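*Asks:* Take a look at the following structure, please.
The values are calculated or read from the model by the stated rules, or taken from the named source; none is laboratory data. Please read these numbers as outputs of a predicted model, since none were measured by experiment. Cβ placement follows ideal geometry from the backbone for every residue including glycine, while neighbour counts extend to all protein chains displayed. All accessible areas refer to the heavy atoms of the entire protein, side chains included, with ligands and DNA or RNA removed. Shrake-Rupley method; radii C 1.70, N 1.55, O 1.52, S 1.80 Å.
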2 protein chains.
Amino acid sequence: MRKKITLKQIARELDVSISTVSKALKNSKEISADTIQKVQAFAKLYNYRPNNIALSLKNRKTNTIGIIIPEIVHHFFSKVIRGVELVANKRGYNVIIGLSNESFSKEVINMEMLANGSIDGFILSMSKETLLQQDYHHYNETMNQGMPIVMFDRVVSEIKCDKVIVDDFNGAKNAVQKLISNNCEHIALITTKDYVSVGRLRTQGYLEALEENKITPQAELILKMDDTLDYEVHLEKLEDEIEQLFNAHKEIDGVFAVNELYALSAMKVARRMGLNVPNDIQVIGFTDGVLSKHSTPSLTTVSQHAQLMGERAADLLIDKIEKEFEAEEEQFQTIVINTELVERESTK
Amino acid sequence: MRKKITLKQIARELDVSISTVSKALKNSKEISADTIQKVQAFAKLYNYRPNNIALSLKNRKTNTIGIIIPEIVHHFFSKVIRGVELVANKRGYNVIIGLSNESFSKEVINMEMLANGSIDGFILSMSKETLLQQDYHHYNETMNQGMPIVMFDRVVSEIKCDKVIVDDFNGAKNAVQKLISNNCEHIALITTKDYVSVGRLRTQGYLEALEENKITPQAELILKMDDTLDYEVHLEKLEDEIEQLFNAHKEIDGVFAVNELYALSAMKVARRMGLNVPNDIQVIGFTDGVLSKHSTPSLTTVSQHAQLMGERAADLLIDKIEKEFEAEEEQFQTIVINTELVERESTK
DNA sequence: AGAAGTCACGAAAACGTTTGCGTGTTAAAA
DNA sequence: TTTTAACACGCAAACGTTTTCGTGACTTCT
């Protein structure tokens, strides 16, 4: 087992200086053809590779981007990561991940770990806890130190940085419009509490679609779940509440849910109550998940193009990193990713 | 926007030497209380943090581990990552990811990118293409340079390194035994081609269970899918073949599938043919996915404890990294993770 | 043959740390 | 008062690169 070889070792073996070796490997014309040949042969033999860390230190650039997400076991986020990784690799960058686990403190810790020189910039989506506490100092501190940040999906207007978001409002609106066009007259909304911006926007889209069609929104048809609960408990409670809703409002013939699981639960409850999807009740979910495609009936959803979001975020970030030197006045942009209604069997 | 501050800058401002600053920050007793106080106050004011890259270079240690997986948009792998991240963070390490996308060359490229000093060790699962080509030189080269590797799930005996694997054989055997105990007499197997070791082992488990129960395995009940196909095409073909199988063998009353999707497809086809799950036909899948839990009927599966695998792999790797100095003769271990049969609605 | 230019290479600084050791100043011991 | 010891700090090397600049040995003009 021979360890990695360095310039210094090559230099010693070949009895030349370190600089000569370095230049020879780069085919510098300062070096004679003889020496170049000799050095390169030796380097190849010993499989020399420049040490990345040394390069990073010298160049004050790591060619690595950090991505911090609340959770990785989640289709949306893993698709985003894939997108990020895709363009990052293409552009010569590595990706280092940090999971906040929806916790504020873990988010802060993780960012601090990476911000100390390990990476050139951040791509991140805020944890729910951060969203709740509305404490954004760590983002601003990081940016103040000259580290660019691109936020995606869960953003907040108070933070000035580049952003990539989904057009939640129109996505929801179009989905509900679809239900209306399919002759639904009593459309329920299953959503989360409002502190997450995306939930709020989707609710607004729902309301807007109703109003445009002269349908008076009914508060009783809106179910707001508390999604900070433990997963298992949550699911049971969710089904219970949906069942109550359906029982109290037999007239419901359409459901728009802000995520896949809510939509699936609605279908499950409906079936349990003897209702047929999509004949008695139509359902649309919001997400990019895998459940929708494989459920029975398969679920019509609003696709978020998660991978595309990752790609755009990465491009945005790398662009900013690489033209850092032009210290023109900061110019932030927000990219809005359009949603797409993927029609499957849960709607007519 | 003030950039990150360094020891040198603090030293200059306070008119002391760099070493004094460094020592003061570490509360060295070489330094007077006065100076310590002064330096620390200044450092706190400017939010000084040691530069990680410089530390990595100096210590010849990055405190980062690289993980290379074939695909991230996949519950099994993202759960593994979560496990790795969990213990890595707890033990003071970062995680950097590389996706091979099931491609040999991408795997090699990615490993080379990371092996040049960016990380202290690898955790990886082989790509299908690598498995097919049986070209393992990059693993051996990496290990020869003193970089420890821990492989998980998809492993191969030719490579000498630490491994974390699932007990595929017994997992499969127990699942099939369960079907048999539930009075299934004609059990079909839906699997992949044999080049992936895990597929082969699961098949063996299936056969073993049959034999132990004096049931003669029938080749016609075994469906081997070619999973190198494009996903969509694959799915259609899969359903077709399952349907043919079911039609040709109406006596089938149990199905064991080597992954979630195959199991789900089997249920789908069965339902389409008017069969009731689990009354007419019982189904068990192999996986840790999210589909099983939320399908209707929900699917009985062999859980792989993916997160646990990640945790064990990370511990194994970090242990090796940290006792690297004891250059005793290499000792590799293989950790076998037991599976667990999670009973749901697709079995009686 | 002396001046000028080319060639091929080495020295050294820089990136930001840590740390062993040397040193000047002061205080305590002889 | 001289020797010794403690104290508080600075120097310099090291990690592995890249790159600017300097320099000795030839070659080539005039």
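*Asks:* From the set of residues in the stretch B:1-47 that are open to solvent by 80 Å² or more (accessible area, probe 1.4 Å) and within 14 Å of another protein chain (Cβ to nearest Cβ), which is farthest from DNA strand D (Cβ to nearest atom)?
*Replies:* Per the criteria, the residue is B:Met1.
*Asks:* Does A:Met309 count as surrounded by 24 or more Cβ atoms within 10 Å (Cβ to Cβ), over 23 Å from the mean Cα position of the chain (by Cα) and either touching a residue at least 12 places away in the same chain (Cβ under 8 Å) or part of a loop (DSSP other than H, G, I, E, B) (or both)?
*Replies:* The answer is no for A:Met309.
*Asks:* Which numbered condition in (1) of a type outside the set (Phe, Trp, Tyr); (2) in contact (Cβ under 8 Å) with a residue 40 or more places away in the chain; (3) within 12 Å of chain B (Cβ to nearest Cβ) is the only one that A:Asn144 fails?
*Replies:* Unmet for A:Asn144, out of (1) of a type outside the set (Phe, Trp, Tyr); (2) in contact (Cβ under 8 Å) with a residue 40 or more places away in the chain; (3) within 12 Å of chain B (Cβ to nearest Cβ): (2).
*Asks:* May I ask you to list the residues in the stretch B:111-121 that are in contact (Cβ under 8 Å) with a residue 12 or more places away in the chain, at the interface with chain A (Cβ under 7 Å from one of its Cβ atoms) and either in a loop (DSSP other than H, G, I, E, B) or over 28 Å from B:Ile53 (Cβ atoms) (or both)?
*Replies:* B:Gly117, B:Ser118
*Asks:* Has the stretch B:131-141 got at least one residue that is surrounded by fewer than 24 Cβ atoms within 10 Å (Cβ to Cβ), closer than 20 Å to A:Ile81 by Cβ and more than 10 Å from chain A (Cβ to nearest Cβ)?
*Replies:* No, that holds for no residue.
*Asks:* Restricting attention to the stretch B:77-91, does a residue exist that is within 22 Å of the chain's Cα centre (by Cα), of a type in the set (D, E, K, R) and away from chain A (no Cβ under 12 Å)?
*Replies:* Initially, the stretch B:77-91 is screened for residues within 22 Å of the chain's Cα centre (by Cα), giving B:77-91.
Next, only the ones that are of a type in the set (D, E, K, R) stay: B:79, B:82, B:85, B:90-91.
In the following step, the residues that additionally are away from chain A (no Cβ under 12 Å) were identified as B:91.
Checking the stretch B:77-91: at least one residue is within 22 Å of the chain's Cα centre (by Cα), of a type in the set (D, E, K, R) and away from chain A (no Cβ under 12 Å).
*Asks:* Still on this structure: Name the residue that is surrounded by the fewest Cβ atoms within 10 Å (Cβ to Cβ), counting only residues in the stretch A:205-250 that are hydrophobic (A, V, I, L, M, F, W, C) and free of Cβ contacts under 8 Å to residues at least 12 places away in the same chain.
*Replies:* Once the filter is applied, the top-ranked residue is A:Ala219.
*Asks:* Restricting attention to the stretch A:251-294, which residues are open to solvent by less than 20 Å² (accessible area, probe 1.4 Å), free of Cβ contacts under 8 Å to residues at least 40 places away in the same chain and part of a loop (DSSP other than H, G, I, E, B)?
*Replies:* Matches in the stretch A:251-294: A:Ile281 only.
*Asks:* Here is a check on your reading of the model: is B:Val21 more than 11 Å from DNA strand C (Cβ to nearest atom) and either modelled with pLDDT of 95 or more or under 29 Å from A:Cys161 (Cβ atoms) (or both)?
*Replies:* no
*Asks:* Mind listing whichever residues of the stretch A:54-110 are crowded, with 23+ Cβ neighbours inside 10 Å, small (Gly, Ala, Ser) and in a loop (DSSP other than H, G, I, E, B)?
*Replies:* A:Ser100
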